[in-house]
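> Before we start, here is the structure in question, set down as structure tokens.
The values are calculated or read from the model by the stated rules, or taken from the named source; none is laboratory data. Everything numeric in this text was worked out from a predicted model, so none of it was measured. Glycine also receives a Cβ, built like all others from the backbone with ideal geometry; neighbour counts cover every protein chain displayed.
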Amino acid sequence: MALLAGATLACRADMGGEKTVVIAAGGDADAMIPMVGAQAQARAMTEIMFEKLADLGDSLNTVGDYGYVPRLATSWSWSGDSMAVTFALDPRATWHDGRPVRANDVVFAFQLATDPKVGAATGADLRGVVDSVTAPDSTHATAWFKARRPDQFHQLVYNLIPLPEHLLAAVNRDSLRVSSFAAQPVGNGPFKLAIRVPRERTEYVANDNFARGRPRLDRVIVTIHQGGPAAARAVIAGDADFVERLSPDDAAEVSKSPELRLIPAGSVEYGVVSFNFKRPKGSAPHPVFGDLRVRQAVTMAVDRATLVQSVYGSLGRVALGPFVRAQWSADTTLSQLPFDTAAAGAMLDSAGWRRGTGGMRARAGAPLRFVLAVAATNRERPRLAELMQQQLKQQGVDMQIQLLDGAAMQARLSAHDFDAAMFTWRTTPSPSGAQSAWGTVGYAPGSPYNAGGYSSAVFDANVDSALKERDRTRARAQFRVAYQAAITDAPAIWLYEPSVVAGAAARVSTGTLRQDAWWASLERWDVTGPPRRRAGTAPDSAPR
Amino acid sequence: MTSDAGRVQLTIPGALLAVLRPLGRAMLVALLVTSVSFVGLRLLPGDPFAPSPDDPPELAHARAQSRVQFGLDRPISVQYPALLGALARGDLGHSFATAQPVSGIVRSAITNTAILVAPALLIGLALGVALGTWQGAHAGSVRDKILGGATFGYLAVPEFLVALILGGLVAIRWKLLPATGMVGAEVATAPWLVRLPSIVEHAVLPVSVLAMSTACVVARHQRAAVIAAVGEGFVRGAGARGVPAHRILWVHVLRRTAGTICAMAGVLLPALVGGAALVERVFSWPGAGSALVTAVAARDYPVVQALVLMTAVAVALSASLAEAGAQRLAQGEALV
């Protein structure tokens, strides 16, 4: 015991004064190379180490380059016809191995991301917008666009992250994900990878040579837990300092503790109950939801405000359509299908679904019944489904609930094998995702996008035009028409838009978190308070 | 090798047989669980690389690419022999979810589970034997009845619920012990001696939950074994020879029941590993159980297959060892 105590004290002496923040994550990254990882967690864990050329501002504007913040590039200039943009790289920027960041690294990253062998998550988007990237000299990189689009700058800088050519050029692109670089990546950002134990933890240390100045934190440790609730539990118990998202129950728990605080983190996701326009796995119209009147009636029979209030409390709002409020195209003045049980009943009557014995509706002997598949990967959706079931039962609609795990839900959506499905869409700051999520172009065998098979010429044409429109006012007007069509056609019940709150130890100063990327401001985080109660044997608290 | 009337008979030395038999059994178990997990995983709805509705649409292409990279586009009739061939070469492949070598993931996860299960088994056995022996010696007393009710009651409550309640009170409300993980994040990479106190601190709650249920099961069996042994002639004989009662109970009777307990350890081990899966999840302990649950949810086939395989082989070998130990104790007892 004396030996243990001695070792502990020695370690305290070694590590004292460090500013360390422990971040509890609900899952691990699937790859530690930017653009290669397919999961959202991979973005967070790689962008801590790798810089973009420029980054979104807090306004999340994706039209033109308004609001973008210089990062690896200190400035950029457009060609006269807006078909090319040249970035001036920060001459002080270096890779973590000390080599300077050069324009060839930008060219190389583009080639790698767009190589089909790599299967980069962002490759398809880059290929769709950017023709090529060249290096006029070692500190300037020029991107040549295929066509002028309002979000061409966003698509370029959001999806292209420079990579070290000198370390990756010789790596076989077929096996990039399992290369030694993937195990110990060398980045150029404010933090360097120190130690990584997959599925357990990843440790970063401050990059003393970071071009924009050393970050305030000395160490950032990401500990991996099995799911969001377990990660939240780690923060509540004092085992970690920060969790990016809390459930309403956990948020209530955090709010009671003087050692913890809630941080509004915004959201770029919305939840829906998607209706299938066709019979499950078939091509004939769905017997219930093939009829516009039934879709509208079911939507109007659901009191969305009460549902969201009951489950999310102040941490959720009713979704308004196929977009989120954080997107610049959002329109909160759209005309919604109201909660009106009388009108809903009349519409169901007119569609032939009349009340019978027991008050349940039927048509030609067939009950008005459908199965709602629910992605039960959080605690909120099953509760929403139960409340919705009760509300619909009062209208004579027999909704049965089927809870599925994430993989099973994906399979059902991809096979278009459902009557109705409740899930969450995670979008990006750009409204372009609505095209594949709800447009005719998204509906394809084996694809979960637009799984219900909604097809509207008005929606398709206006989204397409809006995505090509360079004038933001005109684009918003076109989006408005498209969104209104989707609300009226009721391909889904636009159910909830969670207001994500993060949980943090009071001693950690994070500033404002960007709505789509909590880690964007990590270099400015600081430790300002006393030690975490469960900081192991190495106090890390002393502010410097 | 011997010849008898023209027939050739292969004689295997007993000691070698004692080694070969459990190994052969373990290999059979390995083949069986590999086949069952291979088929079972592919029968589950869901695809490891199916695009998720929670992901941005642009990820669909990447997932399709990964599917081809990992060979899931090939027919099952090609995938299965390829898997067996790879396993025969000791190649467990790479994780679909993290692209890391599965061997490292499995080694770490099973080691971490062993850190929970081994002390839980030892503590549970010791506590259960002590409790059961005392109960057997005082069978029918009020205290025996109270203890019997308590052990039965404990076993009636699901382990994960006990873990949640214990964690909620001791770790979250009173903050006496850590609630999650295996080691404090700040000291996870410190020298072993510095990490050890933190690991012990983190292990207290999960080991307690597992050890308690083991102790309850063992106590009930030990009580019955002691009651049966106390009625036997050797106990009466020892009493007649003037051997003190406590020595009869804690030496002679305990020796008589040792074989039963050793065999029970072999039976308890698989149950303990199963229970650990839930307890690990509650306490975010990075062991085989929690890794398995995560891998199944992600349809991470290589990790699931390897974990099931290695856990089954480890359990089969341990059970064989326990069985052999019980037989040896029984033989020793017969010789005495």
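> If the requirement is being more than 9 Å from chain B (Cβ to nearest Cβ), touching a residue at least 40 places away in the same chain (Cβ under 8 Å) and either of a type in the set (A, V, I, L, M) or buried (at least 22 other Cβ atoms within 10 Å of the Cβ) (or both), which of these qualifies: A:Ala103, A:Ala120, A:Ala143, A:Ala183?
Values: A:Ala103 fails: touching a residue at least 40 places away in the same chain (Cβ under 8 Å); A:Ala120 fails: more than 9 Å from chain B (Cβ to nearest Cβ); A:Ala183 fails: more than 9 Å from chain B (Cβ to nearest Cβ).
Exactly one residue qualifies, and that residue is A:Ala143.
> Separate question: Wholly within the range A:109-201, which helices (runs of 4 or more DSSP H) include no fewer than the required count, namely at least 2 residues that are over 30 Å from B:Ala185 (Cα atoms) and in contact with a Gly (Cβ under 8 Å, 6 or more places away or on another chain)?
A:152-159
> For A:Asp81, indicate whether it is more than 14 Å from chain B (Cβ to nearest Cβ), more than 22 Å from the chain's Cα centre (by Cα) and assigned to a loop (DSSP other than H, G, I, E, B). Talk me through it step by step, then tell me what you get.
Values: more than 14 Å from chain B (Cβ to nearest Cβ): yes; more than 22 Å from the chain's Cα centre (by Cα): yes; assigned to a loop (DSSP other than H, G, I, E, B): yes.
Against the criterion (more than 14 Å from chain B (Cβ to nearest Cβ), more than 22 Å from the chain's Cα centre (by Cα) and assigned to a loop (DSSP other than H, G, I, E, B)), A:Asp81 qualifies.
> Within the range A:438-458, which residues are within 12 Å of another protein chain (Cβ to nearest Cβ), of a type outside the set (Val, Ile, Thr) and out of contact with any Phe, Trp or Tyr (no Cβ under 6 Å at 6 or more places or on another chain)?
Answer for the range A:438-458, where residues must be within 12 Å of another protein chain (Cβ to nearest Cβ), of a type outside the set (Val, Ile, Thr) and out of contact with any Phe, Trp or Tyr (no Cβ under 6 Å at 6 or more places or on another chain): A:Gly439, A:Ala444, A:Gly446, A:Ser447, A:Pro448, A:Tyr449, A:Ala451.
> Just one of B:Val170, B:Val209 is in contact with a helix residue (DSSP H, G or I) (Cβ under 8 Å, 6 or more places away or on another chain) and surrounded by 19 or more Cβ atoms within 10 Å (Cβ to Cβ); which is it?
Within the list B:Val170, B:Val209, the selection yields B:Val209.
> With the condition being among the β-branched types (Val, Ile, Thr) and over 30 Å from A:Phe242 (Cα atoms), I'd like the helices (runs of 4 or more DSSP H) fully within the range A:427-509 carrying at least 3 qualifying residues.
Correct list: A:472-489.
> Please give the number of the condition B:His202 fails out of (1) in contact with a helix residue (DSSP H, G or I) (Cβ under 8 Å, 6 or more places away or on another chain); (2) within 14 Å of chain A (Cβ to nearest Cβ); (3) touching a residue at least 12 places away in the same chain (Cβ under 8 Å); (4) not β-branched (Val, Ile, Thr).
Tallying (1) in contact with a helix residue (DSSP H, G or I) (Cβ under 8 Å, 6 or more places away or on another chain); (2) within 14 Å of chain A (Cβ to nearest Cβ); (3) touching a residue at least 12 places away in the same chain (Cβ under 8 Å); (4) not β-branched (Val, Ile, Thr), B:His202 fails exactly one: (1).
> When the range B:82-109 is examined, which residues are found to be assigned to a helix (DSSP H, G or I), more than 13 Å from chain A (Cβ to nearest Cβ) and either within 17 Å of B:Ser318 (Cα to Cα) or among the small types (Gly, Ala, Ser) (or both)?
Once the filter is applied, which keeps residues that are assigned to a helix (DSSP H, G or I), more than 13 Å from chain A (Cβ to nearest Cβ) and either within 17 Å of B:Ser318 (Cα to Cα) or among the small types (Gly, Ala, Ser) (or both), the range B:82-109 yields B:Ala82, B:Gly85, B:Ala86, B:Ala88.
> Of the residues in the range B:265-303, how many are crowded, with 24+ Cβ neighbours inside 10 Å, assigned to a helix (DSSP H, G or I) and within 11 Å of another protein chain (Cβ to nearest Cβ)?
Number satisfying all stated conditions: 7.
> Sticking with this structure for a sec: Do we find that A:Pro162 is free of Cβ contacts under 8 Å to residues at least 24 places away in the same chain and out of contact with any strand residue (DSSP E or B) (no Cβ under 7 Å at 6 or more places or on another chain) in this structure?
It is false that A:Pro162 is free of Cβ contacts under 8 Å to residues at least 24 places away in the same chain and out of contact with any strand residue (DSSP E or B) (no Cβ under 7 Å at 6 or more places or on another chain).
> Right, another one. Those residues that are without any contact (Cβ under 8 Å) to a residue 60 or more places away in the chain and either hydroxyl-bearing (Ser, Thr, Tyr) or in a helix (DSSP H, G or I) (or both), I need them from the range B:241-256; list them, please. Don't jump to the end; show me each part of the working.
As a first pass, look at the range B:241-256 and keep what is without any contact (Cβ under 8 Å) to a residue 60 or more places away in the chain: B:241-248, B:251-252.
B:Ala245, B:His246, B:Arg247, B:Ile248, B:Val251, B:His252, listed by residue number.
> Looking at the range A:217-240, which of its residues are more than 9 Å from every other protein chain (Cβ to nearest Cβ) and not aliphatic (A, V, I, L, M)?
Scanning the range A:217-240 gives A:Asp218, A:Gly228, A:Pro229.
> Any residue in the range B:198-208 that is at pLDDT 90 or above, over 24 Å from B:Gly128 (Cα atoms) and out of contact with any strand residue (DSSP E or B) (no Cβ under 8 Å at 6 or more places or on another chain)? Step through it out loud before you land on a result.
Applying the first criterion (at pLDDT 90 or above) to the range B:198-208 yields B:198-208.
Now drop any that are not over 24 Å from B:Gly128 (Cα atoms), which leaves B:198-199.
Retained after the next criterion (residues that are out of contact with any strand residue (DSSP E or B) (no Cβ under 8 Å at 6 or more places or on another chain)): B:198-199.
Within the range B:198-208, one or more residues are at pLDDT 90 or above, over 24 Å from B:Gly128 (Cα atoms) and out of contact with any strand residue (DSSP E or B) (no Cβ under 8 Å at 6 or more places or on another chain).
> Quick check on the range A:318-340: of everything there that is within 21 Å of the chain's Cα centre (by Cα) and closer than 24 Å to A:Val288 by Cα, which residue is surrounded by the fewest Cβ atoms within 10 Å (Cβ to Cβ)?
Here the answer is A:Leu320.
> While we're here: Please tell me if A:Ala211 is farther than 25 Å from A:Lys192 by Cα, among the aliphatic types (A, V, I, L, M) and surrounded by fewer than 22 Cβ atoms within 10 Å (Cβ to Cβ).
no
> Spot the failing condition for A:Asp249; the list is (1) within 10 Å of another protein chain (Cβ to nearest Cβ); (2) within 30 Å of A:Leu320 (Cβ to Cβ), and only one is missed.
(1)
> Could you grab me the full set of residues in the range B:155-186 that are more than 10 Å from every other protein chain (Cβ to nearest Cβ) and touching a Gly at 6+ places or on another chain (Cβ under 8 Å)?
Residue satisfying the conditions is B:Glu159 alone.
> Across the range A:293-317, what is the total count of residues that are crowded, with 20+ Cβ neighbours inside 10 Å and without any contact (Cβ under 8 Å) to a residue 24 or more places away in the chain?
0
Yes or no, residue by residue, for (1) more than 8 Å from chain B (Cβ to nearest Cβ); (2) under 23 Å from A:Ala326 (Cβ atoms); (3) modelled with pLDDT of 85 or more:
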position	(1), (2), (3)
A:Ala5	yes, no, no
A:Thr8	no, no, no
A:Asp14	yes, no, no
A:Lys19	yes, no, yes
A:Val22	no, no, yes
A:Asp28	no, no, yes
A:Gln41	yes, yes, yes
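> Could you list all residues from the range B:224-235 that are out of contact with any Phe, Trp or Tyr (no Cβ under 9 Å at 6 or more places or on another chain), closer than 21 Å to B:Ser141 by Cβ and part of a helix (DSSP H, G or I)?
Answer for the range B:224-235, where residues must be out of contact with any Phe, Trp or Tyr (no Cβ under 9 Å at 6 or more places or on another chain), closer than 21 Å to B:Ser141 by Cβ and part of a helix (DSSP H, G or I): B:Ala224, B:Ala225, B:Ile227, B:Ala228, B:Ala229, B:Val230, B:Val235.
> For the range A:218-261, enumerate the residues that are β-branched (Val, Ile, Thr) and in a helix (DSSP H, G or I).
Matches in the range A:218-261: A:Val235, A:Ile236, A:Val254.
> I would also like to ask the following. Considering the range A:44-66 alone, what residues qualify as being at pLDDT 90 or above and more than 15 Å from A:Leu156 (Cα to Cα)?
Scanning the range A:44-66 gives A:Ala44, A:Met45, A:Thr46, A:Glu47, A:Ile48, A:Met49, A:Phe50.
> Applying the selection to the range A:251-285, what residues are surrounded by 16 or more Cβ atoms within 10 Å (Cβ to Cβ) and of a type in the set (Lys, Arg)?
Within the range A:251-285, A:Arg261, A:Lys278, A:Arg279 qualify.
> Since B:Thr257 meets every condition but one in (1) within 14 Å of chain A (Cβ to nearest Cβ); (2) surrounded by 17 or more Cβ atoms within 10 Å (Cβ to Cβ), which condition does it not meet?
(1)
> Could you pull out the residue among A:Leu392, A:Leu467, A:Leu403 that is more than 9 Å from chain B (Cβ to nearest Cβ) and closer than 24 Å to A:Arg43 by Cβ?
A:Leu467
> Inside the range B:187-199, can you point out the residues that are facing chain A (nearest Cβ under 10 Å), assigned to a helix (DSSP H, G or I), under 21 Å from A:His225 (Cβ atoms) and β-branched (Val, Ile, Thr)?
The answer is B:Val187, and nothing else.
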